[in-house]
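Each remark here refers to the structure printed beneath this line.
Each value in this text was obtained by applying a stated rule to the coordinates, not by laboratory testing. All of these numbers come straight from a predicted model, not from anything done at the bench. Cβ placement follows ideal geometry from the backbone for every residue including glycine, while neighbour counts extend to all protein chains displayed.
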Amino acid sequence: MEAEIPKVYAPEAIEPRWARAWIEEKLYRPADDDAPGRPNFCLTIPPPNITGVLHMGHMLEHTEIDILMRWHRMRGENVLWLPGTDHAAIATQMIVERELGREALAKRSGLAEQVEDGGPQSKAAWQREGQRVRLAMGREAFIERCWKWKEENGGTIRRQMERLGASVDWTRDRFTMDAAYTRAVVEVFVRLYEKGLIYRGQYIVNWCPDCGTAVSDLEVIHEDRPGHLWYIRYPFVDGSGYVTVATTRPETMLGDTAVAVNPADERYRDAVGRNVVVPLVDRVVPVIADDFVDPKFGTGAVKVTPAHDPNDYAIAERHHLPRVTVIDEHARMTGDAGEAYCGLDRFKAREKVVHDLTQRGLLERTESYALSVGTCQRSKTVVEPLLSTQWFLKMQPLAEPAIRVVEDGRVRIVPENYKKIYLDWMYRIHDWCISRQLWWGHRIPVWTCDSCGEIIVARETPSGCPKCGDVAGASLRPETDTLDTWFSSGLWPFATLGWPEETLDLKRFYPDDLMIMGFDILFFWGARMIMLGLEFMHEVPFRELYIHALVRDAERQKMSKTKGNVLDPLEVTEKYGTDAVRFALAISAAPGTDIAFSEEKVDSYRAFANKIWNAGRFILMNLRKLPEPMKDQLAAGLEPAAGLGFDAVAAPERLALADRWIFSRLLTVTREMNEALANFRFHEAAYTIYHFFWHEFCDWYVEWVKPEITKTAEEDGPSLRSGQALSAAPDDKAPAAWLNLTRVFEAALHLLHPFMPFITEELWHQLPHAERRPSISLQSFSLVSDRVSDPVAEREFQTLQELIVAARNAKAEMGLQTQRPSAQVACEKPHDLELFRIHQETILRLAGLEALNFTSERPAAGTPDLRHVSASTDLRLFHEAKIDHHAERQRSERDKEKIEKALASAKAQLENRAFLSRAPRDVVRGVEHRHAELSEQYRKVVEALRRLGSGE
RNA sequence: GGGCGGUUAGCUCAGUCGGUUAGAGCGUCUGCCUUACAAGCAGAAGGUCAUCCGUUCGAGCCGGAUACCGCCCACCA
């Protein structure tokens, strides 16, 4: 006797085992060669950062991808889901620096390894210290340290993905700093440079003083913060009054080289061309006229600080103004800011400037003002616009083809509203600052010759300067900057497949059929992949781009550490099982709508997993009792190769009604799921199978066939070979009820598998298969053929369901739930009446009735305890319990009201000539039918009320 | 300053082509430990589809306006 199957599903006992097995068997490595009629389907993972810990967003993304990958695989496609990680330049460098700083501080303070985490302040201190340590240890050692960190911590993501059951091909795991990948990055840089698309220049860039690097526009997050507008007087040199300017950043005035007004502004007509003195630094600067200035804002006069504001920089260009840098890369004031301010932090300097101006009587007034400040995405520090020499990529020429492919649908973006957002951004694209003053990352492949100043861009370290002939290469100074992380990830779809080599993988799997990402990286990554894919592969990087939703908490708040509302996927997974979490995410994932996620939700889908488990338990426990020959027959019946499958259903008369019904429903469900998944409607597909499995398969089908199943299992071998259960079997040997139940169950497991891979794999393996096959995930998604469609069976089964539900209902309403009353079915339709007769036993059992009698004559309206079942059918319960006239009357009153309302609206429609002439015929017929039915119901309820009223 | 989205049951959300009586999960209430499952089963209650106007024979759905909430983009000091 085998061990008892546990009553409660315990995912922790099953999931890790399968996760391991899938990897060990390299189950998700695609076939090495192409077969005719078997398309390849490829998706390259959005590479998580090595610093990342999997959060709910990843879990959603990976769940959605995995569902689709498994679905495609089960539809017979050769699927490659290529995994990998991103080196995450800034993030990794910051973490390693912080670690170094913490160690150093611990050592210095003599506390050995123990420096307490005192919150953000200590983190900032560690960071600063770490930067010092980094500079002291040097580039090589620091990078080595980063690699070490990656070796030790970079595996987190992989472990989490394994736990999730992500069906990736780990044999193709990639990292953006792999040697081969780095070659691709260098190749791309060199080619873009040679094409004239990469240039170096001095411009105002977003500078993060904490990260010590320039960042791109996209990495700056604008926030509205309360601030002030200070009105400052700039006296004319000749002492004849002053011009008042308004500014939100008074400290930058130390770098002013002009005051600008609008040329059309009458107020300043005379001022233009005269000179004013910049207070505190006593610099003499001109008043100039420029269209940029909005006369309606502030005083209509604006201070011009070319080195610290992009607009002012542009003005300075137009007017040939000098640029004075007063803030350095550490956000401290420079010597040019004047002795009094030199070395001060920019915010301290602001206070002092305001103070000093007040003392000199030059601060006219101060207003409250909400200003938008740019902060660094990574460090949250206020970004400083700084004049700096950086490398840029020209975007216009790359953007044009990338616009075209989205406009013409060669890249289909779903949901479609993101298409417009993408295009709007692309139309207004700016050049991209691709250089970073970081050490961890791809070093820009450029050398400068100190002898002649020549700039050499090359794939390999040059041996000498080609211009001045410095053969030894001694005077060649390598570029110290590295590339923006997103530059390298922009090559992801082709670099991971071996580009620039013409590999077989590249040929077979580029472009991706699908890409899935969050909206937050559409521009960072999605747009750049499209541009670079087109540039280097002359083909889009992916044909479809699905933008998934954001996972929020139960109150629809963004999950964030500071709010403390973060749900750790691993924790939730441990608690409820991976399948439950996956299903909870999938059934919540309606395209374009953020997901309100909570443990409660997961809990309810854990219940679903338990339900599946117990359905399996029921089947498997009974199955064990079957005699061996029958098990073999069953196994043969489940074997698709046996030529049975569901095509055996070709002779519907050999199936019971319930079988025909469930097969037909199964077909509909399969079709609906295919349709939903093809359109990323995960919630719909998940709900469809959920409802089918629980409320059709379990609640109706299993309950319906239960006696045959348990009876067959309990009886002995020979007697199994007789009776109805056997004769309907396709091969006249295996009991049909068993075969069909097992088949439907198996088919349902297949449909569930993309959503709940673990429990389905486990149960599927326990079914009696004749041949050993490695995994349900390599089986067909759909086992049903189109031939099982059976509208007649669906209609008949529904008729039976209606009667059973009506009987249960009546029992509950009459307080007879604990009893088994007898009942009479009155039905005008001979066909239905016959149906009821045939299934009498089942009706009695499922409705909880003692006996049934049948009549074709409808009872008089108003007969007590009469229940309306359908237009043609009524039901009467016979019972001893006293009728609660009051309750009955109340119920009837409620019914009457409802019917009256519906009747009135149907009547109004039918009296509306416009409706009759313009509405489609079947709609009109529907209303007519409904009207007739309602009238009949109305008559009955009125009669019932009359009787109840007088019967007391 | 532009652009986008949302408002449906106590809560969280579905609702594709405009068509009969607007659905689900959770929660609530009633009755059941019925030999797969109490993480279950059988029932019930609960809605002016934010508001107004329009289009239409017919509107939760289409158009317009309003209110509230949210998001994205943008170099207005």
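Amide H contacts under 5 Å for A:Val411: A:Val406, restricted to partners 5 or more places along the chain or on a different chain, H placed in the peptide plane at 1.01 Å from N. If one computes the Cα centroid of the range A:348-378 and of the range A:159-174, what distance in Å separates the two points? If we compute the Cα centre of each part, the gap is 52 Å. Residues whose amide H lies under 5 Å from that of A:Ala289, counting only those 5 or more places away or on a different chain, are A:Val261; hydrogens are built 1.01 Å from N in the peptide plane. Every helix of 4 or more DSSP H residues in chain A counts as -39500 (n - 2.57), and over all residues that averages to -14000 deg cm²/dmol at 222 nm. Summarising the strand pairing of the range A:799-952, around 70 percent of its internal DSSP beta bridges are antiparallel. The relative contact order of the range A:867-952, computed from alpha carbon pairs under 8 Å that lie at least 6 residues apart in sequence, is 37 percent.
Of all complete DSSP H helices in chain A, those with a Cα span along the helix axis of 18 Å or greater and a mean Kyte-Doolittle hydropathy of -1.0 or more are A:56-74, A:89-108, A:179-194, A:599-624, A:657-678, A:736-752, A:791-813, A:921-950. Packing here is the average count of other Cβ atoms within 10 Å per residue, and on that basis the peptides A:220-226, A:874-880, highest first, run A:874-880, A:220-226.
The Cys residues in chain A with no partner Cys Cβ within less than 4.7 Å of their Cβ are A:Cys42, A:Cys146, A:Cys342, A:Cys433, A:Cys698, A:Cys827.
Each peptide in A:31-37, A:236-242 was scored by the mean count of other Cβ atoms within 10 Å over its residues; highest first, the order is A:236-242, A:31-37. What is the Cα centroid distance between the range A:190-264 and the range A:379-406, reported in whole angstrom? Comparing the Cα centres of the range A:190-264 and the range A:379-406, I get a distance of 18 Å. Positive end of the dipole of chain A (Cβ unit charges, origin at the Cα centre): among A:Pro859, A:Val304, A:Ala770, the Cα lying farthest that way belongs to A:Pro859. Taking the DSSP beta bridges with both ends in chain A, the antiparallel portion is around 75 percent. In chain A, with Lys and Arg counted as +1 and Asp and Glu as -1 at Cβ, which of these residues, A:Ala31, A:Tyr701, A:Leu192, has the Cα nearest the positive end of the dipole, that is, farthest along it? It is A:Tyr701. With Cα atoms defining each centre, the range A:607-633 and the range A:427-466 are spaced 66 Å apart in the structure. Close amide H contacts of A:Thr375 (hydrogens built in the peptide plane, cut-off under 5 Å, sequence separation of 5 or more or a different chain): A:Ile221, A:His222, A:Glu223, A:Val383.
Peptides A:360-370, A:14-24, A:94-104, ordered by how many other C-beta atoms sit within 10 Å of their residues on average, highest first, read A:94-104, A:14-24, A:360-370. A Cβ-based charge dipole, computed about the Cα centre of the range A:408-510 with Lys and Arg at +1 and Asp and Glu at -1, lands at about 400 debye. The calculated P(r) of chain A, using every Cα pair and 10 Å bins from 0, goes 2, 9, 15, 16, 16, 13, 10, 8, 6, 4, 1, 0, 0 in percent.
Since only A:Met517, A:Gln909, A:Leu570 are under comparison, the one whose Cα sits farthest along the positive direction of the charge dipole of chain A, derived from C-beta charges on Lys, Arg, Asp and Glu, is A:Gln909.
Straight-line cross-link reach from A:Lys150 at under 27 Å between alpha-carbon atoms covers these lysines, not counting any fewer than eight positions away in the same chain: A:Lys26, A:Lys107, A:Lys123, A:Lys380, A:Lys561.
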